[in-house]
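Visitor: This structure is in structure tokens; I'll ask about it shortly.
Laboratory data are not the source of any read-out in this text; all were calculated from the coordinates shown. None of these values were measured; they are calculated from a predicted model. Using ideal geometry, Cβ is built from the backbone for each residue, glycine included, and neighbour counts are taken over all protein chains shown.
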Amino acid sequence: MATDTKPTVIKKYANRRLYHTGTSTYVTLEDLAVMVRLGEDFVVFDAKSGDDITRSVLTQIIVEQEGKEGQNLLPVTVLRQLIGLYGDSIQSLVPSYLEFSMNNLSRDQQKLREQMSATFGGSVFHTMEEQVRKNMGMFTEAMRLFTPFTGRPGGTFGPKREDETASEGTDLDSLKKQMADMQAKLDELARK
């Protein structure tokens with residue numbers, strides 16, 4: 001999305017209407033979602049106060065997209081973990097971690113599609129969907145490691161019992177092995 005041109009200015013009025021200053025037309029959240037998918041950069045300002053409300057509007061777009069049938073990208077567990085990180089001591093690390101991860105995914109997205117299509121043929125979307133599920137599972141597990149007193153069986157809090165700590169060690173080892181295997185597969189696909 002980084003370009004030399006200035007972002008399009010969208011103004012949001014009190015009646016909740018969004019005005020695209022570039023085309024001099026009113027737009028919807030869905031129109032803005034299309035602009036994001038096309039890589040068009042924009043900022044949204046409150047027409048009365050002049051405040052930058054881009055983050056709030058982008059969040060509204062995500063909520064609207066998540067509400068559509070079959071459009072869910074954020075599992076409930078991830079949403080809960082994100083909410084749990086607000087006010088946590090590692091809160092400041094989360095934005096850079098998420099931005100880094102999403103930039104890598106975006107950068108490698110087309111390359112990954114082509115390689116998977118060449119490798120797996122017609123089953124590429126099933127395979128890709130399965131890989132996304134695994135990645136989200138690893139992300140969920142990684143987020144759980146950042147918050148060791150949440151996400152435990154039964155939703156309990158407090159210090160962990162010895163048997164829980166021992167099983168986490170094997171879970172972590174398993175997760176590390178899965179990540180190493182996945183990296184090896186990605187390296188192999190990249191060489192092809």
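Visitor: List the residues, sorted by chain then number, that are 5 or more residues from Phe42 or on another chain and whose placed amide H is less than 5 Å from its amide H.
Guide: Thr8
Visitor: Could you tell me which of rounded, prolate or oblate describes the range 69-121, using a ≥ b ≥ c as the square roots of the eigenvalues of the alpha-carbon gyration tensor, with rounded for a/c under 1.5 and, failing that, prolate when a/b is larger than b/c and oblate otherwise?
Guide: Oblate is the answer for the range 69-121, as a/c is 1.5 or above yet b/c matches or exceeds a/b.
Visitor: How high is the relative contact order of the range 8-67, in percent, with contacts defined as C-alpha pairs under 8 Å that are six or more residues apart?
Guide: Once normalised by length, the contact order is 32 percent.
Visitor: Please turn the phi angles of the range 138-143 into ³J(HN,Hα) values with the Karplus equation 6.51 cos²θ - 1.76 cosθ + 1.60 (θ = phi - 60°), one per residue in order, whole Hz, x for glycine and proline.
Guide: 5, 4, 4, 5, 4, 5
Visitor: Now a separate question. Could you order the peptides 67-75, 47-55 from most to least packed, using the average number of other C-beta atoms within 10 Å per residue?
Guide: Put in order of decreasing packing, that is 47-55, 67-75.
Visitor: With the cut-off at 1.5 for a/c, could you classify the range 1-101 from its C-alpha gyration tensor as rounded, prolate or oblate?
Guide: Since a/c reaches 1.5 and a/b is larger than b/c, the shape of the range 1-101 is classed as prolate.
Visitor: Averaging over every viewing direction, what projected area does the convex hull of the Cα atoms of the range 8-67 cover, in nm²?
Guide: Computed as one quarter of the Cα hull surface, the answer is 3.9 nm².
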